[in-house]
1. Restricting to the chain, compute how many DSSP beta bridges are antiparallel as a %, nearest 5.
2. Please give the contour-minus-distance gain from Ile401 to Val359: 0.36 nm per residue of separation, less the Cα-Cα distance, rounded to one decimal in nm.
3. Given a Förster distance of 25 Å, report the FRET efficiency between Gln14 and Ala263 from their Cβ-Cβ distance, rounded to the nearest 0.05.
4. Restricting attention to the range 226-328, which GluC sites (Glu not before Pro) occupy a DSSP loop and are surrounded by at most 16 other Cβ atoms within 10 Å?
5. Round to a whole angstrom and tell me the spacing of the C-alpha centers of the range 331-397 and the range 246-319.
6. Compute the distance in nm between two label points, each set 7 Å from the Cα along the Cα-to-Cβ direction, one at Ser502 and one at Lys654.
7. Show that you can apply the helix-only estimate: for the chain, add -39,500 (n - 2.57) for every DSSP H stretch of four or more residues, divide by all residues, and state [θ] at 222 nm to the nearest 500.
8. What's the magnitude of the charge dipole for the range 547-670 around its Cα centre, counting Lys and Arg as +1 and Asp and Glu as -1 at the beta-carbon? Answer in Debye, nearest 20.
Amino acid sequence: MTVYLHDIPLETAQERLQSALEAGGLWQRIGEETIPLDEHALGRVTAAPVWALLSSPHYHAAAMDGFAVRAADTAGAQPTAPLTLAVIGGGANRASTALHDVALRPCTYVDTGDPLPDWADAIIPVELTEPTLEAGGNAVEIRRPPQIRIRASVAPWSHVRPLGEDIVATQMVLPAGHTLRPADLGAIAAAGHTHISVARRPRVAILPTGTELIPVGVKPSRGKIIEYNSIVMAAQIAAFGGEARRSPIIADDLDQICRGLTAAAAEHDLILLNAGSSAGEEDFAAAAIEKLGTVLLHGIAVRPGHPVVIGMIRRPGQEKPVPVIGVPGFPVSAALTLDLIVEPLVSKWLGRREKAFDVVEAAITRKLVSPPGDDDFVRVSLGMVNGRLLAAPLPRGAGVISSLVQADGLALLPRGVQGLEEGERVSVRLLRTASEMRNTIFCVGSHDMTLDLLSEELIERDRRMVIVNVGSQAGLIALARGYAHLAGSHLLDPESGEYNISFLRQYVPRKRLRLVALVERQQGLLVMPGNPKGIRQLEDLARGDVRFVNRQRGAGTRVLLDYHLDRVGILPANVRGYNEEQYTHLNIAAAVASGRADTGLGIAAAASALGLDFVPLFRERYDLVMPVGDEDEPLLVPILEVLNAGSFRAAVGKWPGYDTSVTGSVLVET
């Protein structure tokens, strides 16, 4: 069958799902169970209020090692006029005559936590007492002298934990719907409980579908894809407080998918059917749900993730239905679908509030275009530059799971907003802590693989570096506009033959800057192993049988290429693939390794990383451009420390094509 998408607003989709669940008696906590009070209770959600069975402490207890006394007996004690107290046996067994002897001021030794004797109402810490000597002059143990002297009085209930100081019997210790933390477990135990009533974890079945999928651990051949969405989704369900069960991969066959759904419905509260939710002839998710029950909606106006299917199917032998969500196959779309649709549902079933996110306002670092009819969730990196919170958009492809790893937050461009201009404010849902934002360094500019090593070393110095690969020129422009802490650059000046210096004055004229050498490196042509096309020199790019892949405009490698093409008299129009652009050296290597191109200009380390051969052509210097004298300068100090550390140079030295003899040198300060 053919099922077509009909995108509806997210709020409408949530309301439609809620109405169906209410009708099926499923919009409530799905159950509860009583479990032992141990470490396995951590993270569970209380199904009912926890009331104290005991007070804590349940008796008046000594808060310090010392002597229990009647506070009134200490009145008048002064440094120059000490009082003497008689030490008697502790507890209830004591000489009544001693306690009623007006001339005698009794006391008894207690350890921390001991019950306070019935007749006492205060504790004198042992270090504030002086033991006396027996009549014969022999010294006695400090804890058991016949008498002690004190040089200060104490107030009633000093150094005593009175009954119920922490918890009073019958008081509420924790409310229902509370997610248990380590300290909560101690409070429940102190209140006299050995078991706790918690919400039953929702059981969620995850059914990955797709004939092209293969399990993790199997080497993929052409056209096959490693199935890892179910791993991510199962982890999300566990983080939400549910219990996920992953099924084996199901082929793209309607009958097999229906059998999988029916089996899962018998034992689970929710089914996530991954992939097969697009608009087309093979829309297996909607078709299977319709065959077994009812499709509530197909398509939500959010990006990424709009081809979501939600429906209800029959549970074998029972009246209550089972909700099924057809989750898009792209990993970013799948993850966002679970955050937006599944997490609120799991929270409802657990009887707690849905997860709340901190939201901040940030300035977007580059222009964004957005579909006007959708809520557009954009993954961003966040950092403070000169006291301003910036949001740098990450790659937006729904299949780019690395952008989820790198994301500090989700910027929301709501329906009706067709985009944002550079510098406009945007609301961002935080995925990291504010302290991480304060210690984040934005490195914008040209790509080099040693930046990853630098980033790794900075972690040990309480810094996190976000690397944005936009090319050398764009990096310097970002630095000038206040959108970066530093820029990576390797721009060759054709007239002087020098790198970067003249471009600092051109692109960043109003800032004091420090130019620091990162590495010297080889640039050359990346080719397939064995160099089947026999590419040996730059002039080979003009051959009609050679397909080239280029870096983007403004990249230092592009500037280097143009300079040398001009020197050998080759016009860009005569280079097949000159206008095919990639943003990093690794992207160039991937294009060659995949057969999209025969060659591309890049660094030796990128060729080595993907098993390519390398034809060396040029030697160049790659520098870091840092501001001097502004408020962010202390943030960057660890960078210079790393560059001058032997461990960093040793790590770089393991990669081909690099020379660290200049690393860390301050070349220019403007």
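1. Values: 90 of 126 bridges.
Of the beta bridges lying entirely in the chain, close to 70 percent run antiparallel.
2. Working: separation 42, 0.36 × 42 = 15.12 nm, distance 2.26 nm.
Result: 12.9 nm gained on full extension.
3. Numbers: r = 28 Å, r/R0 = 1.12.
It comes out at approximately 0.35.
4. Details: sites: Glu227, Glu243, Glu267, Glu281, Glu282, Glu290, Glu319; in loops: Glu227, Glu267, Glu281, Glu282, Glu319.
Here the sparse-neighbourhood loop sites are Glu267, Glu281, Glu282, Glu319.
5. For the range 331-397 versus the range 246-319, the Cα centre distance is 26 Å.
6. 3.9
7. Working: 18 runs with 159 residues, N = 670.
The helix-only estimate for the chain comes to -6500 deg cm²/dmol at 222 nm.
8. Details: 11 positive and 15 negative charges, 152 e Å.
I would put it at about 740 debye.
A short reminder: the numbers here are calculations on the coordinates, not readings from a lab. Given the structure is predicted, the values throughout are model-derived calculations rather than measurements. FYI the Cβ positions are ideal-geometry reconstructions off the backbone, even for glycines, and counts take in every protein chain you see.
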